[in-house]
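Here, each number is a calculation from the coordinates, and none is a lab measurement. Values in this document were obtained by computation on a predicted structure and should not be read as measured data. With ideal geometry, Cβ positions are generated from the backbone for all residues, glycine too; neighbour counts draw on all protein chains shown.
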Amino acid sequence: MAGRSKIAQQAFEIAQPVAERMGLELVDAEYKKEGQSTFLRLFIDKKGGLGIDDCETFSREIDPILDEKLVHDADYFEVSSPGLTRPLTTEADYRRYEGEALDVALFAEREGSKNHTGIIVSCDDQSVTIRTADDKELTFGYKEISKAVRHIEF
């Protein structure tokens, strides 16, 4: 995600190869002050979903490496899932959820609507293609998308 602080970016770069080695995807990092404390948070995910054991194992693996290599110490360190309703913002986000349902909000109408839902069929560095319930394939350039989130049914 854009807008990472220098410390968060450094933590991301340190943690990314560790996550990959463990079969995880490092989605984001943030370093922020909340009240009197500073927090370093790493957000991980994996195809098929993430469990608390994944977060715990990654945390134990990366914590000593960050202690050794990261210039600034945070008061608190957390590892978390990015959350079910987090907007998809990168090609990697779309690839992670290929084959799953997606809600897409567009800046301008397409096929009579700004909102579309469908299964992610494919994506590349420029666009994502979904298959709607009526079996239409629609391709949207990332620049056309106002917001895209996983379609969650309860």
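Points to keep in mind about this one:
- Within a Gaussian network of the chain (alpha carbon springs, distance under 10 Å), most fluctuating of 86, 21, 95: 21
- Neighbour-count ranking [beta-carbon atoms within 10 angstrom, fewest first] of 142, 94: 142, 94
- In this Cβ point-charge picture (+1 for Lys and Arg, -1 for Asp and Glu), the stretch 6-80 has a dipole of about 200 debye about its Cα centre.
- Counting only lysines at least 8 places from residue 69 when in the same chain, those with an alpha carbon closer than 17 Å to its own are 6.
- Here the relative contact order of the chain, from alpha carbon pairs under 8 Å that lie six or more residues apart, stands at 18 percent.
- Acute angle (nearest 10 degrees) that the helix 52-69 long axis makes with the longest principal axis of the chain, alpha-carbon atoms: 50 degrees
- Subtracting the Cα-Cα distance of residue 76 and residue 132 from their residue separation scaled by 0.36 nm leaves 15.8 nm.
- Between the labelled values (1) 16.7, 52; (2) 18.3, 57; (3) 17.6, 55, the entry that holds Rg and Dmax of the Cα atoms in Å as derived from this structure is (3).
- Cα long-axis angle, helix 6-21 against the chain (0 to 90 degrees, to the nearest 10): 80 degrees
- The chain: antiparallel DSSP beta bridges as a percent of all, rounded to 5: 85 percent
- Ranking 58, 23, 117 by Cα position along the charge dipole of the chain, where only Lys, Arg, Asp and Glu carry charges on their C-beta atoms, puts 117 farthest toward the positive end.
- Rounded to whole numbers, the Karplus 3J(HN,Hα) couplings from phi for the stretch 140-147 are 10, x, 4, 6, 7, 8, 6, 7 Hz, using 6.51 cos²θ - 1.76 cosθ + 1.60 with θ = phi - 60°, and x at Gly and Pro.
- Calculated FRET efficiency, residue 151 to residue 68, Cβ-Cβ distance, R0 = 41 Å: about 0.50 to the nearest 0.05.
- Residue 36/residue 61 FRET efficiency (R0 35 Å; Cβ-Cβ; nearest 0.05): 0.75
- When the charge dipole of the chain is built from unit charges on Cβ atoms (+1 for Lys and Arg, -1 for Asp and Glu) and taken about the Cα centre, the candidate among 14, 139, 81 whose Cα reaches farthest toward its positive end is 139.
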